[in-house]
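Everything on this sheet refers to the single structure shown next.
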Amino acid sequence: MIGTAREAFRPEADADRLVNRLSDAWGWLEANALLSRVPRQSENFRQLSRDGRDLAADPEGAARFEARTRLAGPLHPDLEKTVRTNFDLGDYETACFAAMKAVEVAVRDASGLDNSLVGVALMRKAFQPHQNGKPGGPLADAGAEGGEQEAESALFAGAMGRYKNPSSHRTVDFDDPIEAAEIIQFADLLLRQVDRAKARNS
């Protein structure tokens, strides 16, 4: 393929640079399984893979592909089953709700707080800062500066208020797969912070 391209673009002033860019693009397509070998043809023949054809046929294909790429690595174990499965199926609302619910469950389990506390109230209680010699919430970091403790409490409460609570009460249209992937990554970060709080307490 590259040799043929080099001949085709030989009259161009920057032919070598152009061919090198094409080579990089070709390598990227193969590395991402968007091209596959053509059966019963020589090693040089390629065709669009099934994923490549699906991407080309979907007007939102590029965004979906980028979103899947963002979640290509391992997620927190609490997110790997339900959340990833729903995301891969394109059910972004369910995936995002399940991701934030996993955070809520993890905070409740780690803090030992009552089941009657949910959402923002649970986060505020679990991460209530230690102030004026009074003990804070069970997951608050007593060794951190007061402003940092308050920021962590606000971070978790904000996550519940913005990304979990709305889906609890109404249908939320997640039409942007990249935004959905970022919400799941945010939940992944929060779960890892809960794990650190548990380790600190133990």
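With respect to Arg68, determine if the residue is at pLDDT below 95, part of a helix (DSSP H, G or I) and open to solvent by 60 Å² or more (accessible area, probe 1.4 Å). So Arg68 passes the test.
Restricting attention to the range 71-86, and to residues there that are touching a Leu at 6+ places or on another chain (Cβ under 8 Å) and not in a loop (DSSP other than H, G, I, E, B), which single residue is surrounded by the fewest Cβ atoms within 10 Å (Cβ to Cβ)?
Filtering the range 71-86 for residues that are touching a Leu at 6+ places or on another chain (Cβ under 8 Å) and not in a loop (DSSP other than H, G, I, E, B), the one surrounded by the fewest Cβ atoms within 10 Å (Cβ to Cβ) comes out as Arg84.
If the condition is being in contact (Cβ under 8 Å) with a residue 12 or more places away in the chain and either open to solvent by less than 40 Å² (accessible area, probe 1.4 Å) or closer than 15 Å to Ala126 by Cα (or both), then the range 147-164 contributes Gln149, Glu150, Glu152, Ser153, Leu155, Phe156, Ala157, Ala159, Met160, Gly161, Lys164. Just one of the numbered conditions (1) touching an Asp or Glu at 6+ places or on another chain (Cβ under 9 Å); (2) open to solvent by less than 70 Å² (accessible area, probe 1.4 Å); (3) part of a helix (DSSP H, G or I); (4) at pLDDT below 95 is not true of Ser168: (1). Take Ala63 and decide whether it is closer than 24 Å to Lys198 by Cα and either among the basic types (Lys, Arg) or touching a residue at least 60 places away in the same chain (Cβ under 8 Å) (or both). Against the criterion (closer than 24 Å to Lys198 by Cα and either among the basic types (Lys, Arg) or touching a residue at least 60 places away in the same chain (Cβ under 8 Å) (or both)), Ala63 does not qualify.
Ala144 meets each of the listed conditions (1) in a helix (DSSP H, G or I); (2) at pLDDT 90 or above apart from (1).
Counting residues in the range 49-63 that are in a loop (DSSP other than H, G, I, E, B) and modelled with pLDDT of 80 or more gives zero. Taking Leu22 as the residue in question, decide whether it is at pLDDT 75 or above, surrounded by 13 or more Cβ atoms within 10 Å (Cβ to Cβ), under 39 Å from the mean Cα position of the chain (by Cα) and of a type outside the set (Gly, Ala, Ser). Yes. Suppose the filter is open to solvent by 30 Å² or more (accessible area, probe 1.4 Å), closer than 30 Å to Leu139 by Cβ, out of contact with any strand residue (DSSP E or B) (no Cβ under 9 Å at 6 or more places or on another chain) and small (Gly, Ala, Ser); does Ala121 pass it? The answer is yes for Ala121. When the range 87-141 is filtered for residues that are assigned to a helix (DSSP H, G or I), over 30 Å from Glu60 (Cα atoms) and touching a residue at least 24 places away in the same chain (Cβ under 8 Å), the ones remaining, listed by number, are Glu104, Val105, Ala106, Val107, Ala110, Ser111, Gly119, Val120, Leu122, Met123, Arg124, Ala126.
The values are calculated or read from the model by the stated rules, or taken from the named source; none is laboratory data. Just so we're clear, the structure is a prediction, and the values are computed from it rather than from any experiment. Neighbour counts are summed over all protein chains in view; Cβ atoms, including those assigned to glycine, are modelled from backbone coordinates with ideal geometry. Just the protein is used for accessible areas: all its heavy atoms, side chains included, with ligands, DNA and RNA removed. Shrake-Rupley method; radii C 1.70, N 1.55, O 1.52, S 1.80 Å.
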